[in-house]
Amino acid sequence: MLRRSRLRGAAEASYVGASSTSPLHSLRGRLAVLVAAILLPVFGTLILLITQAYRNESAAVTAELANTARAVAGIVDAEVERNVAILRTLAATNALKQRDWARLDDTARRALAGTGKWLVVVDPSGRQIVNTLLPLGEPIPPVQLETEYVEAMKKGSVYASNIIHGPAAKRLVVHIGLPLLEKGEWVYGLSVVMGPEVMSEAVNVQRFAPSGVLSVLDHQGRIIMRNPAPEKFVGHSATADIVKATRENQEGIGESVTLENIPVLLAYTHARCGWSVAMGFPKERVYASARHLLSLATGFATIVLLLAVALAIWIGRAVVRSVESVVEDAAVLAQGKIPAPRSTGLGETDFIDRAIRDMAEALARELSAKTQAEGDLREAQDKLRHYAAELEKKVEERTTSLREAVAQMEEFSYTVSHDLRSPLRTIKSFIHVLLEDHGGDVTPQVREYLERIRRAAERMDRLSLDILNYSRVSRAEVQQSTVDVEKVVRELIAHYSELHPSRADVFVATPMPLVKAHEASLAQSLANLLTNAAKFVHPGVRPRIEVRSETRDSRVRIWIADNGIGLAKAQQERLFRIFERAASARGYEGNGVGLAIVRKAMEKMGGSFGVESDGVTGSRFWIELPAAD
């Protein structure tokens, strides 16, 4: 017993001496590192989760704000439409048609009774003819018409006004305007006028944003309706960042500060009537949830820390006792004696030798399997390289064959189109000679047949010429250079008779930027688009064509807008294919090659093309090319 105590003391002294060199040389030190290694990811994960929770809540709040803003915008538009419906009803009355202003005044007063709204009728000079806010017969002060209001009335559009100071009401008002047009000219403007509080009550702004701020802004960014504190802020401009955002974007989300200097999460959108809706939610409320979550996480982390430390101490003591037992037995074995059988306290230390043997056997098996797998992998890679080489060869052969077929097809199209024109010209010449020299000798029926042959030959000749132009564009070698688009357009207008001022109104918005293009191909494309715009108009309508450009990043888009017959949406995508014609183009000359030439030219120059149309009020064709350096 004395000898065993000495051995144990020596082992402990050796253990203490080794552990005093460095904390990492002791089991307790490494357990402390283990606890830190476990807790650091836990704390990091908690911080990440808290941050993500705040972001998720912010995203949810902003999404809800955006949805509410859209809903309010829809309600605002609905209220505007209700006022427009009242105006349309009053505009259709016999009193207005007969200019019976007294009867119109009476009808409007009855229609708007109890709504807090009144009717105003003005002429283009700003003279108020009817104002149901004032007693009938009382002088009505003139108004200074807003520029946007005048423009909307001239265009025949509904107008939702800015918030203004009404000369008759002597306070801030808004109005919804509707023009009365006669023979396309604006003669009177009808407006439903109301105070902001009436519009706010109709939209029921108070039920939105109970915890935040809701504002409805006019075209200039001034507040029409607001919750809370409308009496304080209505008529004032919104904050500069909100005004800028609503002017530059249709809708969006972000952060801002209210007029009360409260930081908020912001969502805004535009109503169809032109007003804007902005929703704000205090960031402080979002932070409150995150702080609560942080408190819970801190408490949880503290509990985890205490449990981890206690567990580390318990494990450390158990391992130290087991190691001390192994050291004592090793010392006994070093004395040449056999240690008495006993348990070290841990099953792992009892089976170290067996574990090593098992590990060695497992490593041998794994090494053999790895060698076999590497051989299989090399074989599979060799096969894959072989298959890839064969596939690449086949693709190259197919590509070469396809290029040859395309070249032959283009050569065939060019040859056929070119060679067909000669016999067609001969046919037209002989028919002309027959009609000139023997016109009196043939019957009317024969003359009609000859005329049909001549017209068919002319159509065939035009088709051959178009196909020939298409083939030339397809075959042409495109050498791109800097091209002055404005110069090309001016030359085309001077060259084509159908674009002459005596036959069409062509407006060119200048200046136009320079582009990188093949000048002949660009001129052919613009010529096709301009002559189409002059040709495809309703009978009796004078063509009106507008040419303008816009720069998008490093590309230039050229627009050709017309007042023609329009294109149905279903036909716009296939219109640029060869021989494709719109259903609305029946009865107009053409064979569907002009736009195909535009498509081919744009493809060869690295450009793009397209068309926009509602199918009724004309079309807007466009081509896009790289901007010149």
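Note on the stretch 563-598: among residues that are polar (S, T, N, Q) and not in a loop (DSSP other than H, G, I, E, B), the one that is modelled with the highest pLDDT is 571. Taken together, the residues in the stretch 225-257 that are over 18 Å from residue 195 (Cβ atoms), at pLDDT 85 or above and touching a helix residue (DSSP H, G or I) at 6+ places or on another chain (Cβ under 9 Å) amount to 8.
Filter the stretch 260-273 for residues that are over 20 Å from the mean Cα position of the chain (by Cα) and assigned to a loop (DSSP other than H, G, I, E, B) and give the result. Passing the criteria: 260, 261, 262, 273.
Out of 569, 487, 516, report the one residue that is under 26 Å from the mean Cα position of the chain (by Cα) and either more than 22 Å from residue 612 (Cβ to Cβ) or open to solvent by 70 Å² or more (accessible area, probe 1.4 Å) (or both). From the options 569, 487, 516, the qualifying one is 569.
Close Cβ contacts (under 7 Å, 6 or more residues apart or on different chains) running from residues in the stretch 50-77 that are over 18 Å from residue 285 (Cα atoms) to residues that are at pLDDT 85 or above and among the polar types (S, T, N, Q) comprise 69/269; 70/269; 73/269. With respect to the conditions (1) buried (at least 19 other Cβ atoms within 10 Å of the Cβ); (2) within 23 Å of residue 483 (Cα to Cα), residue 543 lacks only one, and its number is (2).
Out of curiosity, is residue 281 at pLDDT 70 or above, out of contact with any Cys (no Cβ under 9 Å at 6 or more places or on another chain), assigned to a helix (DSSP H, G or I) and not β-branched (Val, Ile, Thr)? The answer is no for residue 281. Candidates 215, 211: the one that is touching a Lys or Arg at 6+ places or on another chain (Cβ under 7 Å), touching a residue at least 12 places away in the same chain (Cβ under 8 Å) and buried (at least 18 other Cβ atoms within 10 Å of the Cβ) is 215. Taking the conditions exactly as written (in contact with a helix residue (DSSP H, G or I) (Cβ under 9 Å, 6 or more places away or on another chain), open to solvent by less than 50 Å² (accessible area, probe 1.4 Å) and under 19 Å from residue 61 (Cα atoms)), does residue 293 satisfy them or not? Criteria not met by residue 293. Here residue 195 fits the description: buried (at least 18 other Cβ atoms within 10 Å of the Cβ) and of a type in the set (Gly, Ala, Ser). Restricting the search to the stretch 83-96, which residues are free of Cβ contacts under 8 Å to residues at least 60 places away in the same chain and of a type outside the set (Val, Ile, Thr)? Hits for the stretch 83-96 are 85, 92, 94, 95.
Can you confirm whether residue 187 is more than 22 Å from residue 76 (Cα to Cα) and open to solvent by less than 60 Å² (accessible area, probe 1.4 Å)? Against the criterion (more than 22 Å from residue 76 (Cα to Cα) and open to solvent by less than 60 Å² (accessible area, probe 1.4 Å)), residue 187 qualifies. The residues on offer are 85, 59, 108, and the sole one that is at pLDDT 85 or above, aliphatic (A, V, I, L, M) and over 21 Å from residue 135 (Cβ atoms) is 85.
Could you please let me know if residue 127 is surrounded by 14 or more Cβ atoms within 10 Å (Cβ to Cβ) and of a type outside the set (A, V, I, L, M, F, W, C)? No. Within the stretch 82-121, the set of residues being surrounded by 15 or more Cβ atoms within 10 Å (Cβ to Cβ), out of contact with any Ser or Thr (no Cβ under 8 Å at 6 or more places or on another chain) and not hydrophobic (A, V, I, L, M, F, W, C) comprises 83, 117. Take residue 103 and decide whether it is within 30 Å of residue 278 (Cα to Cα), in a helix (DSSP H, G or I) and charged (D, E, K, R). No: the conditions fail for residue 103.
The values are calculated or read from the model by the stated rules, or taken from the named source; none is laboratory data. These numbers come from a predicted model, not from an experiment. Cβ: placed from backbone, ideal geometry, glycine included. Neighbour counts: every protein chain shown. When the accessible area is computed, the model is the full protein with side chains, heavy atoms only, and any ligands, DNA or RNA have been set aside. Shrake-Rupley method; radii C 1.70, N 1.55, O 1.52, S 1.80 Å.
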